Amino acid sequence: MFEMMIEILIKTVVILGLPLGALPLIIHVERRGAAFMQKRLGPNRVGPFGLFQPLADVAKFMFKEEVHPAHVRPFFYTAAPMIALIVAILPLACIPVAAPFEAFGRTIFPEVFRSDMGIFFAFAASALGSYGILLAGWGSNNKYSMLGALRACAQMVSYELSLSTSVVAMIFVFSTNDIHVMVAAQQGYWFNFIPKWGFFMQPVAAMLFLVGIFAESNRLPFDLAEGESEIVAGYHLEYSSMKFALFFMAEYIHMIALSTLFIIMFFGGYNLLPGLELIADKIPLPIALFQVASLVVKIALMVWFFVWVRWTLPRFRYDKLMDLGWERLLPIGIANLIVTVLFVYFRN
Amino acid sequence: MAIDIFLTIITVIFALMLVFSKRTVVSAFALLMTLLTLALIYFQLGSIFLSAVQVLINAGAIAILFVFVMMLINLEQFQNNREKSKIKLVISTFTMLVVLGVLALVINNNIETLSVNNLTDNSMNALFSKLFSTYFLPFEMATVLLLAAIVACIVITTHEKQLVEEETELHKMEPKL
C-alpha cells in the first residue's frame with residue numbers, strides 16, 4: 001500500500017512536472033520563433049540567447065500588483081483561473097510516456113491513472129476545458145470578456161464534434177480504447193521504411209484532429225476568444241499578474257496534452273523514432289528512456305508546428321469559422337467515420 | 001464506506017442548490033457539480049466506463065450548452081419573477097411520484113438490472129454485448145423516448161407562424177451575405 005502511494009506520487013511529480021517545467025522553454029521558443037519569422041531579434045538580452053527571459057517573466061507575474069476589479073462576481077472570478085489550469089492538467093494523468101516495464105519486481109505502468117479506457121478519460125477531461133474560459137467571462141462581468149468567453153465556448157463545442165468523429169474512427173481502426181495497445185499496434189514498418197503510424201492509415205482523421213486541436217486550444221488561426229483587434233483581450237481581460245499567468249499556463253498545457261494525444265493516435269506515441277531502434281540496440285540503457293526521448297522529440301516538433309502556424313496564418317472571421325466547423329469538417333468527419341466502420345466491419 | 005457517504009452528501013447538497021438557488025448561473029454551476037459528483041460515485045462503484053461517459057457527455061457537452069445559453073440570453077433579469085402556477089406543481093408532483101413508484105417496484109420485486117456487479121469483466125466489450133443482446137429492447141425504448149422528448153421540445157417552443165416568418169427573413173438576408 002505504502003509502495004503504491006510512493007509510486008503514484010513519483011509518477012504524478014514526473015508526468016505533471018515535466019510539462020510544467022517545459023513551459024518557460026516553450027514560451028521562449030514561441031517568442032524567438034515569432035521573431036525569427038518576422039525578421040527581428042526577439043528577447044535575447046537576459047542570459048544566454050535570452051533563455052532566462054521566461055524566468056524574469058515569472059518573477060514579474062509573482063510580484064506584480066494584483067488588481068481585483070470592483071464589478072466582478074468574486075466567486076467565479078477567483079475560481080475560473082484555477083479551474084482552467086486544473087482541467088488542462090487532468091488529461092495528462094491518463095497519458096503514458098513509455099511502454100510498461102519491469103522494475104523493482106513488478107510491472108510499472110508509466111501513467112498516473114492506469115485504465116483500459118485511457119483515451120476515453122483523456123477526452124472526458126479535455127471536454128471540460130471550456131468551463132474555465134466560460135466562468136472567467138461570466139465572472140468578469142464585462143462585455144468584452146463575455147463575448148470572448150461565448151465565442152470560445154461555441155468554437156470549442158463545435159470543433160469537439162469533428163474531433164470526436166476522428167477519435168472514434170481511430171478507436172475503430174485499432175479496435176481498442178487502451179492507449180498501450182493503440183501504440184503497440186503502430187509498431188513496425190510497411191515496405192521496411194514507412195512506419196505503421198495512424199497518420200498513414202487515416203490521413204483524413206489526422207487532418208480533422210489537427211484542425212480540432214488548434215480550435216480546442218484556442219490558438220491562431222482560431223484564437224477568436226482573444227481576438228485583440230476586436231474584443232481587447234477576450235475572456236482574460238480583467239485578469240492580471242498570477243491569475244493571468246494561470247490562464248496562460250492552462251493554454252499551453254492544454255496544447256501539450258492535445259498534441260500528445262495526437263501523437264499517440266497518429267504518430268506512434270512513445271514508439272521509437274524511425275531509425276532510432278538501430279542505435280538503441282547498441283547502447284546499454286533501458287528502452288524506456290529511448291521511448292520517453294522519442295515522445296519528447298515528437299511533442300517538441302508538434303509545439304514547433306503550433307508556433308509555425310501561429311505566425312503564418314491570419315485569424316478566421318467568426319462566421320467562416322463556424323461554417324468550416326459545421327458545414328465542412330463535420331460532414332467530412334462523419335463520412336470518414338462511416339467508411340472506416342464499413343472497412344473495419346468487412347475486414348473482420 | 002465513508003467516502004461513499006461523503007460523495008452522496010455532496011451530491012445532494014449540489015442538487016438542492018440546483019433547485020433552490022435564485023441565480024440561474026449558480027444553478028447551472030450546481031448542475032455541473034452534481035453531474036461531476038455523480039461521475040465520482042459511478043467511479044467509486046467500479047463502473048469506470050459510465051463515469052467517463054458521464055463526464056464526456058453530460059458534463060462536457062450538455063451542461064456546457066445550458067451554461068452557454070443562460071449567459072447568451074442573460075437570464076438573470078428574469079430571476080425574481082418566478083411564476084408559481086398550480087399546473088407546474090401538479091406535474092412535478094406527478095413526475096416525482098412516478099419516479100418513486102418505479103424505483104419502489106424495482107427494489108421490491110428484485111428485477112434484474114444491468115449493473116457492474118453482474119458483468120463478468122468490467123470492460124466495454126462486456127457492457128455492450130449485454131446492452132445489444134439481453135437489454136436491447138429497453139435500450140431502444142430509451143432512445144425512442146429521448147427522440148420523442150426532443151421533438152416535443154421543438155413543437156412546444158416554436159410556433160408555426162413564427163417559423164415561416166423567420167424563414168422569409170433569412171431568405172431576404174441571403175443576398176447580403
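Miscellaneous remarks
- Shape call, the range B:1-82: gyration tensor on alpha carbons, a/c limit 1.5: oblate
- Among A:ILE89, A:ILE231, A:ILE263, residue whose mean-square fluctuation peaks in a GNM of chain A (springs only between Cα atoms under 10 Å): A:ILE231
- Each stretch of four or more DSSP H residues adds -39500 (n - 2.57); spread over every residue of the protein assembly as shown, this sum gives -22000 deg cm²/dmol at 222 nm.
- Among the trypsin sites (Lys or Arg not before Pro) within the range A:1-59, those in coil by DSSP and having at most 11 neighbouring Cβ atoms inside 10 Å are A:LYS39, A:ARG40, A:ARG45.
- For the segment B:51-61, counting C-beta atoms of other chains within 10 Å of every residue's C-beta and taking the mean gives 6.
- Among B:SER47, A:SER240, A:SER145, the order by Cβ neighbours within 10 angstrom, fewest to most, reads A:SER240, B:SER47, A:SER145.
- Among A:ALA35, A:ALA184, A:ALA70, the largest mean-square fluctuation in a Gaussian network model of chain A, built with springs joining Cα atoms closer than 10 Å, belongs to A:ALA70.
- Degrees between helix A:74-89 axis and first principal axis of chain A (Cα, 0 to 90, nearest 10): 20 degrees
- R0 of 45 Å, Cβ-Cβ distance A:ALA233-A:ILE334: FRET efficiency to nearest 0.05: 0.80
- For the range A:155-233, alpha-carbon Rg over 2.2 N^0.38 Å: 1.40
- Remark: the A:ARG347-A:ASP323 segment gains 5.2 nm on full extension, using 0.36 nm per residue and subtracting the alpha carbon distance.
- Within the listed set A:PHE123, A:PHE36, A:PHE104, the residue fluctuating most in the Gaussian network model of chain A (springs between alpha-carbon atoms under 10 angstrom) is A:PHE104.
- Going from the residue with the fewest nearby Cβ atoms within 10 Å to the one with the most, A:PHE267, A:PHE290, A:PHE101 rank A:PHE101, A:PHE290, A:PHE267.
- Net charge, A:ARG315 excluded, C-beta distance under 12 Å - Lys, Arg +1, Asp, Glu -1: +1
- In sequence order, calculated HN-Hα J values of the range A:32-48 (Karplus, 6.51, -1.76, 1.60; Hz; x Gly/Pro): 5, x, 4, 5, 4, 6, 9, 6, 9, 8, x, x, 9, 9, 8, x, x
- Cα centroid of the range A:191-226 to Cα centroid of the range B:1-66, whole Å: 32 Å
- With Cα atoms, 0 to 90° folded angle of helix A:203-216 axis to chain A main axis: 30 degrees
- Other protein chain Cβ atoms within 10 Å, averaged over every residue that makes up A:154-161: 2
- Taking A:GLU230, A:GLU160 and counting other C-beta atoms within 10 Å, the order from fewest to most: A:GLU230, A:GLU160
- Förster radius 30 Å - calculated FRET efficiency between A:SER175 and B:ILE57 (Cβ-Cβ, nearest 0.05): 0.85
- Each other residue within a Cβ distance under 13 Å of A:ILE256 adds +1 if Lys or Arg and -1 if Asp or Glu, for a net charge of -1.
- Working note: Cα atoms of chain A, range along each principal axis, descending, whole Å: 60, 50, 47.
- Distance from the C-alpha centroid of the range A:31-59 to that of the range A:243-315: 22 Å, rounded to the whole angstrom.
A short reminder: the numbers here are calculations on the coordinates, not readings from a lab. In this text, all values refer to a predicted model and were calculated from it rather than measured experimentally. Note: ideal-geometry Cβ built from the backbone for every residue, glycine included; neighbour counts use all protein chains shown.
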